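Below is one structure, written out as structure tokens, with a few remarks after it.
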Amino acid sequence: MAIIAPSLLAADFLHLQEEVEMVNRSEADWLHLDVMDGQFVPNISFGPMVIEFVKKVTTRVCDVHLMIEEPSRYFEQFKKAGADHINIHIETCPRLHQDIRQIKAMGLKAGVAINPHNPAWLLSDIITDVDIVLVMSVNPGFGGQQFIPNTFNKIKEIKKLIVEKGSNALINIDGGVTLDNASEIIAAGADALVAGSTVFGAKDPVAAIKALKNA
Ligand code: DX5
Ligand code: ZN
């Protein structure tokens, strides 16, 4: 069974507490928190302040996805806010190795996120240092986009790299995950699935999480 990480980006922010409590009642494992700065990605979402409030209610692992320029400026703030995982983009980190070390030295799990246009082999010299690879299956910035089919291949290539290098990294897939494609994504080698609109857009979000879990 895959790890399921509902993405709060698709939640109703007027009723954030109820949304987080729904996730607490569900079979979800992680809560995915999308931080966007309007620079690295066109959209602006939320920052450490919102995560601090979410942390008071959630019983799940806080999987923070930083879609921001120079993310290391904010590691301490996100740790204080309650992040358990910090995922940073290979595209924003010229000193990725150092940044990953820093996240781990803070006692958090470190993830590297990779955009759709970047090939799996770019990860070959960082794969043994990370806890998570966050494979973007859409261009980051917005929820509700279509899954990019090339991701299936990329998952297989990353899985191969993980095995070859003896890495313990988990593969997490982010963007366009639906009840229709979840089982194929898992079959390709994914360990975890992020789902925003599939969960929060469902009539019964707890049932949608259950269905993803059993995919
Ligand atoms: C996209 C974000 C995703 C997004 C996924 O930039 O990183 O986590 O919330 O949303 P869905 O599941 O609706 O594609
Ligand atoms: Zn995300």
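Bear in mind that the values in this text are calculations on the coordinates, not laboratory data. Just so it is clear, the model here is predicted, and its values are computed rather than measured. Reconstructed Cβ throughout: ideal geometry from the backbone, glycine too, with neighbour counts over all protein chains shown.
Based on C-alpha pairs under 8 angstrom that are at least 6 apart in sequence, the chain has a relative contact order of 23 percent. Proximity of backbone amide H atoms, modeled 1.01 Å from N, is registered between Val61 and Leu31 at under 5 Å, excluding neighbours fewer than 5 places apart on the same chain. Modelled label positions at His97 and Lys210, each set 7 Å beyond Cα in the direction of Cβ, lie 4.8 nm from each other.
Full extension of the chain segment joining Leu14 with Asn153 gains 46.2 nm, where the gain is 0.36 nm per residue of separation less the Cα-Cα distance. Within the chain, the longest run free of exposed loop sites, counting trypsin sites (Lys or Arg not before Pro) that sit outside DSSP helix and strand states (H, G, I, E, B) and have at most 15 other Cβ atoms within 10 Å, spans 96-202. Kindly list the residues of region 62-83 that lie in the label zone of Asn24, defined by a backbone N under 15 Å from the point 7 Å along the Cα-to-C-beta vector. Flagged as within label range: 62. Ellipticity at 222 nm from helices only: DSSP H runs of n ≥ 4 in the chain, each -39500 (n - 2.57), divided by the residue count, give -9500 deg cm²/dmol.
Only Lys, Arg, Asp and Glu carry charge here, each on its Cβ (+1 for the first two, -1 for the last two); on that basis region 25-123 has a dipole of about 360 debye about its Cα centre. Our compactness index for the chain, the C-alpha radius of gyration over the empirical 2.2 N^0.38 Å, is 0.93. The amide H of Ser137, built 1.01 Å from its N in the peptide plane, has Asp174, Gly175 as neighbours under 5 Å, considering only residues 5 or more places off or on other chains. Computed from the C-beta positions of Ile44 and Asp129 and an R0 of 41 Å, the FRET efficiency is 0.85 to the nearest 0.05.
Magnitude of the charge dipole for region 60-101, about its Cα centre and with charges confined to Cβ atoms of Lys, Arg (+1) and Asp, Glu (-1), is about 180 debye. Ordering Val23, Val112 by the number of other Cβ atoms within 10 Å of each residue's own Cβ, fewest first, gives Val112, Val23.
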